1. Test of understanding: among A:44, A:54, which residue is facing chain B (nearest Cβ under 8 Å), under 21 Å from residue A:160 (Cβ atoms) and out of contact with any helix residue (DSSP H, G or I) (no Cβ under 6 Å at 6 or more places or on another chain)?
2. Output the helices (runs of 4 or more DSSP H) that fall wholly within segment A:171-254 and possess 1 or more residues being over 15 Å from the mean Cα position of the chain (by Cα) and surrounded by fewer than 17 Cβ atoms within 10 Å (Cβ to Cβ), or say none.
3. Test each condition in (1) surrounded by fewer than 18 Cβ atoms within 10 Å (Cβ to Cβ); (2) within 7 Å of another protein chain (Cβ to nearest Cβ) for residue B:13 and report the one that comes out false.
4. Would you check which residues across segment A:75-85 are within 10 Å of chain B (Cβ to nearest Cβ) and either touching a strand residue (DSSP E or B) at 6+ places or on another chain (Cβ under 8 Å) or closer than 20 Å to residue A:63 by Cα (or both) and list them?
5. For segment A:89-103, check the following and say yes or no: at least one residue is at pLDDT below 95 and surrounded by fewer than 18 Cβ atoms within 10 Å (Cβ to Cβ).
6. Taking the options A:36, A:20, A:3, name whichever one is surrounded by fewer than 20 Cβ atoms within 10 Å (Cβ to Cβ), farther than 20 Å from residue A:135 by Cα and facing another protein chain (nearest Cβ under 8 Å).
7. Just give me the residues in segment B:20-49 being more than 7 Å from chain A (Cβ to nearest Cβ) and under 10 Å from residue A:76 (Cβ atoms), in sequence order.
8. Residue A:137 fails exactly one of the following numbered conditions: (1) closer than 20 Å to residue A:182 by Cβ; (2) crowded, with 21+ Cβ neighbours inside 10 Å; (3) more than 9 Å from chain B (Cβ to nearest Cβ); (4) under 16 Å from the mean Cα position of the chain (by Cα). What is the number of that condition?
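The values are calculated or read from the model by the stated rules, or taken from the named source; none is laboratory data. All of these numbers come straight from a predicted model, not from anything done at the bench. Here the Cβ positions follow ideal geometry from the backbone for every residue, glycine too, while neighbour counts run over all protein chains shown.
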């Protein structure tokens, strides 16, 4: 997958999910029927441009409702996205992931691919999912903890809304200052580290990571073509070795390994059917 | 080969379960709950609290 092509898809997905252009000028959010449905990526429903609902916000809202009912609808949608695409959503459809990719292109003296403690820090996102999205909102009703104290996508929405609405601007206080600090930390870290929010914090990425090994869209390494040169692992921004684990939970399926393989040994597949030689039937190639 | 088939079956099972969950949610009008939250500015999300 060509990186330019992926950038185009990411830009198109972000634009499509935030096509309520009028909202950016008026400070009014979209209130149409589109908000019945959750979008696949992290896109705050209070973003002036948002046409759909945020899956994480909707999940927390359902979990923190006074009269708890199992969130069949939101979990069903998230499960559908996960089972169909896995973390391909992070790599191609998430607007916040796209923003981080753009920031990583900003020149900096040093780009960190991995560092000591990197692997351990990646478990934080699972804790975020469990504690901030599920347990705390369920325990303390009416408070979407992740949205309120962490989500930088919501902070961006707040900045855009308050820029157009002076009443909202006058209400910004301590929580906004904290969230703006989190956003700034994510922005500056994104210049040095590829997708720090996706790697360490995003509960939605953690949820989709659970499906990466079994999702319909997968990566496949052809054992007959692979010469173990390590070129794929070198180009991976998520520090995954696709040969060792082509569908690793950390893989966002950006396709850099597919285009970076000099032997064409890696490809996207959909519900892979392999023959005995370990190659893929061409009709099943995605 | 068999484990791959099983993997595909698992994927199909998950997709089917997801569709059933969505249908159950729609039947219980949970999509209205999503809409009701999403059409109002979420003060917590934007940092007002």
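1. A:54
2. A:174-192, A:231-235
3. (2)
4. The answer is A:75, A:76, A:77, A:78, A:79, A:80, A:81, A:82, A:84.
5. No, because not a single residue in segment A:89-103 is at pLDDT below 95 and surrounded by fewer than 18 Cβ atoms within 10 Å (Cβ to Cβ).
6. Answer to the check: A:36.
7. The answer is B:20, B:23.
8. Residue A:137 satisfies all of (1) closer than 20 Å to residue A:182 by Cβ; (2) crowded, with 21+ Cβ neighbours inside 10 Å; (3) more than 9 Å from chain B (Cβ to nearest Cβ); (4) under 16 Å from the mean Cα position of the chain (by Cα) except (4).
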